[in-house]
Amino acid sequence: MKKLRAIAVIGVTATLALAGCSSQNFSDEEPAGETGPISIGAVLDITGPGATLGVPQQNTLRMLADALNAEGGIDGREVELHIVDNQSTEDAAARAVSDLIEQDDVDIILGASRTGPSLAMRPVAEQNGIPMISLAANAAIVADSEWVFKTTQDDKVVLERILDHAESEGYASVALLRDASGFGEGVAESITELGAERGIELVTTESFEPTATDFTAQLTNIRSSGADAVVIWGINPAAALAQKQYVQLGVGLPVYQSHGVANQSFFDQAGDAANGAIVPMGRMLVADQLPDDNPQKAVIEAYIEQYEAEYGEQPNAFGGYAYDAWNIAIAALEDAGTEPSALRDAIASTAGYVGVSGVFDYSPTLRSGLSADSVIIAEARDGSWVLIEE
């Protein structure tokens with residue numbers, strides 16, 4: 001096993017026992033062609049504003065890596081997992097992916113948890129010709145990409161579901177309060193474009209830093225904007241605190257939150273003010289409300305059961321993005337090995353993969369893999385998510 005750098009990289013051996021992995025010890029006789037351990041790098045927002053995303057992703061990857069290696073790895077080859085905390089910053093994410101490629105010789109990169117760090121990682125992966133699967137949302141992460149994929153729904157897909165719901169409620173105008181980081185880039189333009197198709201006007205846009213705790217000025221402007229509804233686009237804790245102040249200031253308009261709040265911390269931070277927020281999200285947090293014939297239900301329930309047994313708590317939707325990225329990567333490694341171009345092409349040929357976050361269909365030109373069908377509409381009610389629209 002390769003020697004890992006202390007502190008900066010956490011090396012773990014672990015993973016889900018996928019179909020095709022037989023229970024065995026690591027073989028002394030390596031398969032023909034490729035030998036030695038397979039190396040997977042992950043760059044995650046484990047500390048900083050993205051921690052509510054990165055921590056469950058770290059937990060998920062460790063759990064899956066342990067399970068895979070317990071079953072004999074991939075064709076008898078151990079899988080080394082190198083996890084780096086980018087501290088929720090773009091610079092640290094770019095340095096981390098460079099180090100993983102140059103010092104740890106990884107075969108594939110997973111991450112980062114958020115858009116900004118993922119965008120900082122993308123050119124490094126592209127220039128070095130290493131496959132990368134991001135766990136973040138913005139479509140720019142994979143636009144015209146040769147080497148980068150992702151497992152989250154595009155922000156534009158999520159906005160389509162928000163605006164479809166707004167149209168069905170008869171709203172003619174919305175105001176936007178958005179994260180000023182990469183996650184919020186392009187959201188106003190997408191609302192303007194998609195809204196025009198539905199007769200909905202974006203009347204004002206306000207922004208906030210991911211570390212913000214006071215939104216009084218922005219919400220005061222929104223309250224006087226004349227909008228019929230409000231879209232708050234961010235991640236916790238900032239988005240949840242904005243929700244709380246939204247209620248305290250008596251804005252009094254229907255409010256949509258982005259899928260970035262789809263975890264328990266939204267309720268922990270916003271308290272009773274969370275009630276009534278309409279949130280587009282994947283199906284994981286409402287799995288118990290899905291019909292038994294939904295193809296994702298069994299996959300989601302198996303992930304939740306495995307995570308709860310390992311950590312004593314439920315995972316969130318962001319952990320699900322890591323779960324899907326890992327399984328897609330492992331299936332491609334089993335099929336194509338570690339030669340970069342072959343591995344990339346194997347990921348690009350993934351079709352009909354039923355994951356926690358949706359049913360994935362990649363192609364040589366489609367690197368997002370999920371359609372609007374992967375997004376449902378839920379409402380926050382008394383500390384729980386209630387499915388209101390499939």
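Each value in this text was obtained by applying a stated rule to the coordinates, not by laboratory testing. Quick caveat: nothing in here was measured; it's all calculated off a predicted structure. Cβ placement follows ideal geometry from the backbone for every residue including glycine, while neighbour counts extend to all protein chains displayed.
Things worth noting here:
- With N as its number of residues, the range 155-281 has a Cα radius of gyration that, divided by 2.2 N^0.38 Å, comes to 0.93.
- Counting Lys and Arg as +1 and Asp and Glu as -1 over every other residue whose Cβ lies under 9 Å from the Cβ of I40, the net charge comes to -2.
- For Rg and Dmax of the Cα atoms in Å, the value computed from the atomic coordinates appears in the list (1) 20.8, 65; (2) 30.2, 94; (3) 20.7, 71 under label (3).
- Net charge over other residues, Cβ less than 12 angstrom from the Cβ of L176 (K, R count +1; D, E count -1): -3
- Surrounding net charge for G358, when Lys and Arg each add one and Asp and Glu each subtract one, Cβ distance under 10 Å: -2
- Applying both filters, DSSP loop and at most 11 other Cβ atoms within 10 Å, to the GluC sites (Glu not before Pro) of the range 164-261 gives E169, E197.
- Under Stokes-Einstein, with the Kirkwood radius over Cα pairs as Rh, the value for the range 264-390 at 10 °C and 1.306 mPa s is 100 µm²/s.
- Dipole orientation for the chain: of the candidates A325, A137, P364, A137 has the Cα lying most toward the positive pole (charges on Cβ; Lys, Arg +1; Asp, Glu -1).
- Packing-based order for 374-385, 81-92, using average beta carbon neighbours within 10 Å, highest first: 81-92, 374-385
- Estimated FRET transfer efficiency (A172, E339; beta-carbon r; R0 45 Å; 0.05): 0.25
- Dipole magnitude for the chain: about 840 debye, using +1 per Lys or Arg Cβ and -1 per Asp or Glu Cβ, origin at the Cα centre.
- Cα-centred dipole magnitude for the range 138-188, charges only on beta-carbon of K, R (+1) and D, E (-1), debye, nearest 20: 120 debye
- Dipole-positive endmost among A309, A298, M284 within the range 281-325 (Cβ charges, Cα centre): M284
- Separation of the range 223-278 and the range 32-64, taken as the distance between their Cα centroids, equals 30 angstrom.
- The chain: DSSP helices with Cα axial extent of at least 24 Å and average Kyte-Doolittle hydropathy no lower than 0.0: 51-70, 317-336
- Which of G355, G73, Q57, positive extreme of dipole for the chain (C-beta unit charges): Q57
- Computed about the Cα centre, the dipole magnitude for the range 155-281 is approximately 260 debye when only Lys and Arg (+1) and Asp and Glu (-1) carry charge, each at its Cβ.
- Beta bridges per DSSP with both ends in the chain, % antiparallel, nearest 5: 35 percent
- Stretching D293 away from Q103 to a fully extended chain increases their span by 63.8 nm, per 0.36 nm per residue minus the current alpha-carbon distance.
- Helical content alone sets the calculated 222 nm signal of the chain at -11500 deg cm²/dmol, taking -39,500 (n - 2.57) per DSSP H segment of four or more residues and averaging over every residue.
- The peptide list 138-151, 55-68, 303-316, put in order of mean Cβ contacts within 10 Å with the highest first, becomes 55-68, 138-151, 303-316.
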